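The values are calculated or read from the model by the stated rules, or taken from the named source; none is laboratory data. Remember, predicted model here, so these are calculated numbers, not experimental data. Keep in mind that these areas ignore ligands, DNA and RNA; they rest on the heavy atoms of the full protein, side chains included. Shrake-Rupley method; radii C 1.70, N 1.55, O 1.52, S 1.80 Å.
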Amino acid sequence: MILLALQALAFGALCAGLGWLLSIASKRWSGNEHALIDAIEAKLPQTQCGQCEYPGCRAYASAVAGGEQIDLCPPGGEATTHALSELLNRPISRGASFEDPSVSQVAKIREPECVGCALCRPACPVDAILGAQGYLHGVLEGLCTGCELCVHACPVDCIDMVETPVEAVGRKMLKSTSTSEPLGCIRCGLCDAACPKDIPVRELWWSIRQDAHDAVPGPGADACIACGRCDSQCPSGISLAQPILELAARERSQQASKRHAARAAALFEISSERREQSQEATNLRRSARLRRIKSTSIP
């Protein structure tokens, strides 16, 4: 019996040791994987356009780390593909085709047909479209990445993709060396799915983005617990929780100011009513005194 107990104890200790070693190895490998994804993402143009068929550059970087092709980024073109090839020590496929680097594809809005619906603006991942609801829109050609997302969003089909020399548009490729510098929301909805409080995170963030000073909190802003799950799920690396918390705090401050103003108004009304009552009582006493004086002065 003692021998069996010792054998069982030794077996349990062995299993615990193996489990500990596996957990350490898992954390180390996981850390290396995240570091590789970060390195790959730093080579991508951060346009979040989705032309690679992945929801943002972070998702594509994760796929490349898992073995996906390295030539699926049209905005990055040949330069990005070669950078990924050097980073990962992978050969460029023979079938890879690259666009002429001297020619750029940019969006052009046919002005007479534009109805000012503004549906193209939120579709643009790099905020290259200017305009307001009910007014003519225009494209900042130097920022346009040619992703064609605005073309699909336009209900009147008045946007064309036109090949233009790079020198003519002065395009500046939007690069980012850190995932903490996002370029825009791609409306993937991962933040909403990750929220444990069912807060419409994407809707709230877009309302803040449209006007940071006059943004109106939507339903659920006060329910945010700052768990950070929406931040961790965002493929664009946007800080979502903090602006929502600030928006909710601003709303609470505004509500407190309104309550204070209402209370002050109520107190002023009560005070005014008391002054009127006091003045009326004083006038009645004066009238009564005058009547007594008149009555005693008559012979």
Q: Quote the accessible area belonging to GLU68 in square angstrom, nearest 10, computed with a 1.4 Å probe and with ligands, DNA and RNA left uncounted.
A: 50 Å²
**Q.** At 1.567 mPa s and 4 °C, Stokes diffusion of segment 235-299 via Kirkwood alpha-carbon radius, µm² per second
**A.** 76 µm²/s
Q | Accessible area (Å², 1.4 Å probe, nearest 10) - LEU72 | A | 50 Å²
Q.
Need one value: the accessible area of ILE238 in square angstrom, 1.4 angstrom probe, rounded to the nearest 10.
A. 10 Å²
